[in-house]
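This report concerns only the one structure given below.
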Amino acid sequence: MRDYQIPKTDKDYVYISQLLQAKGIVMGIEAQRRAMPNTMGSLFWQLNDCWPAISWSSIDYFGNWKALQYKAKKAFKDLLISNKLTETNLETYLINDHLEAFSGTLKLRLLGFDGTELWSDEQLVSIAENTSEIVYKKALNTLDFDKKSTVLLSSFEGESSVFYFEKPKNLALQNKPINKEIIRKTATGFSIVLKSKTLQKDVFLWSSNQGHFSDNFFDLLPNEPVTIVFKTDASTLEDLEIKSLNSIY
């Protein structure tokens, strides 16, 4: 496979197939949004599914959001940070679909998968309404880092982006545990706190109980706890399963 290693089990095949679908469509969404006004957005096929099957829908037969639905939600944000590699440069775009301009500080950080900060920079930038613009460029030959074990974090006006310099199958992901803490049931469900000492790629939470996770198929940054809310009528969450690309590679 071009971007992912070939899965060895049926469960891993389903998981990887969702990641591959989401990656391909989100790449298209971001490319078309960066190209505005030549293109003014994307529509993708399809939203839901009338059959319980592995298909191209973003919501499955039972109403569960698949990887594509979670990642498309982020790719369609009105204010989006999108990084792109050329042969020589890292380019950072801001795409603004709001009807107002924004000014603020763009912050960039290179982290090793263990959380070590390798490089950082920040720059005051502005983005007009209904505009896509390159607001930052960095020559790759001025950065000394291992592309297989590094992640770029970008943030602007409360929005953030995670970017990798290698395909998922080439990343030097570490198979280490994800620590979880399930906060007792609230009126609407459960709060789940996740933390790891290493970057965990595409964290997937699953339960046989019907419900909805506030986020899923996300990247868990090293030493930075994340709280996920699971809305459900279930009284327990004993069968919660957690998978990440780290556990496969």
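The values are calculated or read from the model by the stated rules, or taken from the named source; none is laboratory data. Note that the structure is a prediction, hence the values are computed from the model and not measured. Cβ: placed from backbone, ideal geometry, glycine included. Neighbour counts: every protein chain shown. These area figures cover heavy atoms from the full protein model, side chains too; ligands, DNA and RNA do not enter into them. Shrake-Rupley method; radii C 1.70, N 1.55, O 1.52, S 1.80 Å.
Worth pointing out:
- Estimated FRET transfer efficiency when R0 is 30 angstrom, pair residue 157-residue 88 (beta carbons, to 0.05): 0.60
- Averaging 1/r over each pair of different alpha-carbon atoms in segment 84-175 and inverting the result gives 14.3 Å, the Kirkwood hydrodynamic radius.
- Using C-alpha pairs below 8 Å separated by at least 6 residues, the relative contact order for segment 155-233 is 29 percent.
- The ellipsoid that matches the Cα gyration tensor of segment 113-249 has semi-axes, each √(5λ) in whole angstrom, of 32, 20, 12, with the longest given first.
- Gap separating the Cα centres of segment 117-131 and segment 19-40, nearest whole Å: 20
- Within the full protein context, the accessible area of residue 219 is estimated at about 40 Å² for a probe radius of 1.4 Å.
- Pair-distance profile P(r), taking every C-alpha pair of the chain, with 5 angstrom steps and integer %: 1, 6, 12, 15, 18, 18, 14, 9, 5, 2, 0
- Across 91, 30, 224, the residue with the most accessible area heads the list, and the full order at a 1.4 Å probe is 224, 30, 91.
- With q set to 0.18, 0.22 Å⁻¹, the log10 of I(q)/I(0) for segment 7-62, from the Debye formula over equal scatterers at the Cα positions, is -0.70, -0.87.
- Only Lys, Arg (+1) and Asp, Glu (-1) charged, at Cβ; the chain dipole about Cα centre in debye: 520
- Principal axis extents of the C-alpha atoms in segment 31-161 (largest first, rounded to whole Å): 51, 38, 28.
- Selected from 124, 75, 145, residue furthest toward positive end of dipole (segment 15-146; charges at beta carbon): 75
- Cα long-axis angle, helix 10-34 against the chain (0 to 90 degrees, to the nearest 10): 30
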